[in-house]
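Working notes for the structure below.
The values are calculated or read from the model by the stated rules, or taken from the named source; none is laboratory data. Please read these numbers as outputs of a predicted model, since none were measured by experiment. Here the Cβ positions follow ideal geometry from the backbone for every residue, glycine too, while neighbour counts run over all protein chains shown. Surface areas here come from the heavy atoms of the whole protein model, side chains and all, with no ligands, DNA or RNA. Shrake-Rupley method; radii C 1.70, N 1.55, O 1.52, S 1.80 Å.
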Amino acid sequence: MRHFPIFLDLRDRPVLLLGAGEALEAKAALLASAGARPRHAARFTPGLLEGIALACAAGAPEEDLRALSEACRARGIPVNVVDRPELCGFITPAIVDRDPITIAIGSGGAAPVLARMIRQRIEALLSPGLGRVAALAGRFQAALRARLPDLAARRRFLDGVLTGTPAALAEAGREAEAEAAFHAALAAAEVAPPGMVHLVGAGPGAADLLTLRALRLLGEADVVVHDRLVAPEVLAMARRDARRIDVGKAVGHHSIPQPEINALLIRLAREGLRVVRLKGGDPFVFGRGGEEKEALEAAGVACAVVPGITAALACAAGAGLPLTHRDCARSLLLLTGHTREGRLEVDFASLTRPGQTIAVYMGLATMPALFEGFVAAGGSPSWPAALVEAGGTARQRVLRGPFSEVVRQARGWITEGPALLILGEACARTAA
Ligand code: SAH
């Protein structure tokens, strides 16, 4: 982050506006709307800074702009010189104003046009009455704290109210009815509703391949329990103050044993927390989601599953190879290359059947054994194959070729992983 975002309280504080012109007038108007008291000056003298909370300049002589910038920095006064980033102690963001909700969008000065575009999008998303909804919640703040001392309970309550009738009424400008509805909801609020666990698929690792539901739950979670496979950019979508617990493997270490993860989820939910159990891809595809769901249900903890884009889908889309195709792939097999006691538990004969696509998860280490078994069962060494690393993410790489070649090159080719092996004629349908 090049600049640190904050919201300044400038009510009744004097601010200096040095220079002249339209840009400066715009700043003056903005500052006045925040309750600041603008003092105008055409030329700079150090005495002007006495008692000043903030300074803006534009359209003044060059030496004055420089002197102002230097003097402000020496005194720790935030200073902005329009279109002169090198003279600025702060820059002004693009603003979406739904007072008391204020959204500030910055681009570190690098792409103000982009920041304005983003502002337009957000403007379109937010109803003009949003400010009234926020103000309504603000008026009930004290009552809310008294009725629901627990923060998690308060959040849950507000989530409901702010998307429900009281908010709709406030937005429509029907303030008295909105207050009555808020009152009624508060009186009926459960003091400590039980917690819940959502088993959420995080997809292949790109934040924009999360489902909208996953995104919403991440934004509401009190705690996120995640695997090693979950990408940082996905975790960044969680509520900023949500607790994050990594139960995945660190390199060379074993992951926390499954029973301990189950116990942790149960404990957190019983504390009344909204728990998101975040898993790479889909929770029910080689993700042990089934085991966790059973444990939660046995403990009487409410649980729901949110599907995610599993690696096979992300890798196929990313590599441009269809998993089914009317000409050559009429079924799809999701297979694990994981071994139990060192043995691949695979029916090799079934793998050599034509007309199917096979996606092998966790298959990197056991790929040579898989190849041997495949060929021994009558499969062709030159069967079309593709190895996809970090499919669906910015790091994605694809190695295509005959199965024998892919096996031979895999170890030297792979970088950080994870990787998925895809076998079948569909791999040969598209150009490399
Ligand atoms: N639940 C996950 C799979 C977990 S098993 C899902 O539905 O995708 C872990 C294996 O998934 C890895 O060994 C690798 O084979 C595969 N995998 C997960 N993410 C991947 C990605 N982005 N690219 C390629 N393979 C991936």
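Placing +1 at every Lys and Arg Cβ and -1 at every Asp and Glu Cβ, with all other atoms neutral, what dipole size does the chain have around its Cα centre, in debye to the nearest 20?
120 debye
At most 15 other Cβ atoms within 10 Å and a DSSP loop assignment: could you name the trypsin sites (Lys or Arg not before Pro) in region 327-387 that fit?
Arg330
List, in order, the whole-Hz ³J(HN,Hα) value for each residue of region 133-148 obtained from phi through the Karplus relation with A = 6.51, B = -1.76, C = 1.60 and θ = phi - 60°; use x for Gly and Pro.
5, 5, 5, 4, 4, x, 5, 9, 3, 5, 4, 5, 4, 5, 6, 10
When the Karplus curve 6.51 cos²θ - 1.76 cosθ + 1.60 is applied with θ = phi - 60°, which whole-Hz ³J(HN,Hα) does each residue of region 304-318 get, with x for Gly and Pro?
With coefficients 6.51, -1.76 and 1.60, one gets 9, 10, 10, x, x, 6, 6, 3, 4, 5, 5, 5, 4, 4, x Hz.
Return the carbon/sulfur percentage of the accessible area of region 130-187, one whole number, probe 1.4 Å, all protein chains in place.
Carbon and sulfur: 59 percent of the exposed surface of region 130-187.
Loop only per DSSP, at most 11 neighbouring Cβ atoms within 10 Å: give me the GluC sites (Glu not before Pro) in region 141-223, ordered by residue number.
Glu190
Quick one: with all protein chains in place, what share of the accessible area of region 232-341 is carbon or sulfur, to the nearest percent (1.4 Å probe)?
About 55 percent, which is the carbon plus sulfur part of the accessible surface.
May I ask for the angle, rounded to the nearest 10°, between helix 22-33 and the longest principal axis of the chain, with both axes built from Cα atoms and the value confined to 0 to 90°?
90 degrees
Taking Cα centroids, how far is region 145-199 from region 350-423 in Å?
Going from one Cα centre to the other spans 52 Å.
Just to confirm the number: angle between the C-alpha axis of helix 289-298 and the first principal axis of the chain, 0 to 90 degrees, nearest 10?
Tilt relative to the chain: about 80 degrees.
Please identify the GluC sites (Glu not before Pro) of region 276-379 that satisfy two criteria: DSSP loop assignment and at most 13 other Cβ atoms within 10 Å. Which are they?
Glu341, Glu345
Against the longest principal axis of the chain, how steep is helix 62-75, in degrees 0 to 90 to the nearest 10, with axes from Cα atoms?
Once rounded, one gets 80 degrees.
What accessible area per residue comes out for the chain, rounded to a whole number of Å², with a 1.4 Å probe?
On a per-residue basis, the chain sits at 53 Å².
Quick one: accessible surface of Ser382, probe radius 1.4 Å, all protein chains present, in square angstrom to the nearest 10.
80 Å²
Could you tell me what % of all Cα pairs in the chain have separations over 27 Å?
The proportion of pairs with Cα distances above 27 Å equals 67 percent.
Run the quick spin-label model on Glu345 and Ala184: label points 7 Å from Cα toward the beta carbon, then report their separation in nm to one decimal.
In this crude label model, Glu345 to Ala184 measures out at 5.6 nm.
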